[in-house]
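Shown next, in C-alpha cells, is the structure this report addresses.
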Amino acid sequence: MKSSHPDSPQPDDGAAPECVTLVATATLPTRYGTFTSYAFRVAGGDAEHLALVMGDVAEQPSVLTRLHSECLTGDVFGSYRCDCGEQLDLSLRYIAAEGRGVLLYLRGHEGRGIGLSNKIRAYALQEQGRDTVEANLDLGLPDDAREYDSAAAILRILKVTSVRLMSNNPKKFDTLARHGIPVCERVALAVPVREENERYIRTKQLKFGHYYFDENE
C-alpha cells in the first residue's frame, strides 16, 4: 500500500516547543508499504526521533498513531523478554491496513530511558529474581525515565490534531492530553503473552497501570 508524499510540514505558530526541529525528510519503502520519514532533533542533547507517516494526516481527525519507544533487543533481535518488537510490528500493520497513520520512533528510550548497557545490567538482576522495576531501582536508576513531550511536539509539527492511540501506557495518553492533543480512542495492541515476558507484562500492569490483560485474557 503506497502513501502520498505530503509537503514537508512546518510548525504551527506557538504550538510546538522550540526544542524539537525537523531536520530531514524522505520516502521510506518498507515491507508494510511506503511511508514518508521525518527526522527530528531535540535541542540540548543527542536525541533524534523518527516519524513514519502514511497517507494524509495533517489536520485530519482521529489519526491512527503509535508512540514507540526504542528497544534494540525487541525491535531488531526479536527478544522475548518484552513485547516491544511485536507491538512495533502490529502498529505498522494496523497503519498499513488503514492506509493512514503515524508511528513515532522515539530514540533514547532504551530500557525505559536508562540506556542499552544499563538495560542488560537490569536483565541480569531480573535473572536473579528482581522484576523490571526493582532491577532499575537496584541500579540506582529511575523505574521510567522516558518523556513524551517531544512526541507531542512532533505531532504538532505534523499538524496532527487528534489521535486514535495504539498504546497500553496511560502516561502517553496523559502527556498528549496535557499538550492539547485529544485521544479519541485507545486502540489495543494485544500481543502474545509468553513465559519469558509474562512477569514483565504483569509488572507493567501492576506498577505502571498499563492496560493489557483485558485484551489478552
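Just a few scattered comments:
- Listing Asp89, Asp144 from fewest to most neighbouring C-beta atoms within 10 Å gives Asp89, Asp144.
- Rounded to the nearest whole Hz, the Karplus-based 3J(HN,Hα) values (6.51 cos²θ - 1.76 cosθ + 1.60, θ = phi - 60°) of the range 187-193 follow the sequence 9, 5, 10, 8, 10, x, 8, with x at glycine and proline.
- As a rough footprinting exposure proxy, the listed residues Leu158, Leu116 were ranked by other beta carbons within 10 Å of their own, and the order from fewest upward is Leu116, Leu158.
- You can think of it this way: the chain between Asp46 and Arg202 has 52.9 nm of extra reach, that is 0.36 nm per residue less the Cα-Cα gap.
- Rounded Å value of the spacing that divides the Cα centres of the range 174-196 and the range 127-172: 11
- Once you reduce the range 78-122 and the range 40-58 to the center of their Cα atoms, the two points are 15 Å from each other.
- Estimated inter-spin distance, Ala145 and Gln60, nm [label 7 Å along Cα→Cβ]: 3.7
- With each label modelled as a point 7 angstrom along the Cα→C-beta vector, the Phe77-Val193 pair spans 2.6 nm.
Every number here is computed from the coordinates shown, using simple stated rules; none is lab data. Being a predicted model, the structure only gives us computed values, none of them experimental. Cβ: placed from backbone, ideal geometry, glycine included. Neighbour counts: every protein chain shown.
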